[in-house]
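Taking it in order: structure first as structure tokens, then the write-up.
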Amino acid sequence: MSGTGRAFLRIVVSLGIGLVVGALTYYVTAVVAALQISGNFTNNPLMLATVAIVGALAVAVGWRWPIVGLTAGIVIIAVVACAVTGRMGWSPSNGALNPYNAVAFGAMSVAPTIVGATMVAASALKLRSRRTR
């Protein structure tokens, strides 16, 4: 296989992995944002800390594998946009643990959008730093 063919295959594989990572990150972020942790808080600090950990992992993925991170971030933002424009409904009784409810719940909460935007920004910065060297 020539160098050009190998590079093309590597990009295609990175895009495929980015799609999977984006879908999994969206689901994990929606579930973490829906955690019912006891306490008299509007947003429980433990839930916020777990969302921050998911965000930090998203930055690490975006920085280490920029094509995967960029694709995953775009997937997350696209899922939120589709759920909002499609006016998907969600049920608070099921929470985000139900995969069908997680898409709508994640779009309602801001956590997946922030994680997706963070992945896009980290990946874009890494790709930009590679180009300026």
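The values are calculated or read from the model by the stated rules, or taken from the named source; none is laboratory data. Please read these numbers as outputs of a predicted model, since none were measured by experiment. Note that each Cβ is placed from the backbone with ideal geometry, even for glycine, and that neighbours are counted across all protein chains shown. Please note that ligands, DNA and RNA were not included when accessible areas were found on the heavy atoms of the full protein model with its side chains. Shrake-Rupley method; radii C 1.70, N 1.55, O 1.52, S 1.80 Å.
Mind listing just one residue for me: the one in the stretch 40-52 that is of a type in the set (A, V, I, L, M, F, W, C) and more than 17 Å from the chain's Cα centre (by Cα) and, of those, modelled with the lowest pLDDT? Explain how you work it out, then say what you get.
So in the stretch 40-52, the residues of a type in the set (A, V, I, L, M, F, W, C) come out as 41, 46-49, 51-52.
From what is left, the residues that are more than 17 Å from the chain's Cα centre (by Cα) are 41, 46.
Details: Phe41: 69, Leu46: 81.
Among those residues, the one meeting the criterion is Phe41.
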| field | Single unsatisfied condition, Gly106 versus (1) under 14 Å from the mean Cα position of the chain (by Cα); (2) modelled with pLDDT under 75 | value | (2)
| said: Exactly one of these conditions fails for Met119: (1) farther than 16 Å from Ala60 by Cα; (2) modelled with pLDDT of 80 or more; (3) open to solvent by less than 60 Å² (accessible area, probe 1.4 Å). Give me its number. | reply: (1)
| Has the stretch 123-130 got at least one residue that is modelled with pLDDT of 90 or more, assigned to a helix (DSSP H, G or I), in contact with a Ser or Thr (Cβ under 9 Å, 6 or more places away or on another chain) and open to solvent by 40 Å² or more (accessible area, probe 1.4 Å)? | no
| task | List every residue pair whose Cβ atoms sit under 9 Å apart, with the two residues 6 or more apart in sequence or on different chains, where the first one lies in the stretch 1-28 and is open to solvent by 70 Å² or more (accessible area, probe 1.4 Å) and the second, anywhere, is hydroxyl-bearing (Ser, Thr, Tyr) and at pLDDT 85 or above. | result | Leu15/Thr71; Ile17/Thr71; Leu19/Thr71
| request: Within the stretch 29-39, identify whether any single residue is among the aliphatic types (A, V, I, L, M), at pLDDT below 80, open to solvent by 60 Å² or more (accessible area, probe 1.4 Å) and in a helix (DSSP H, G or I), and answer yes or no. | output: no
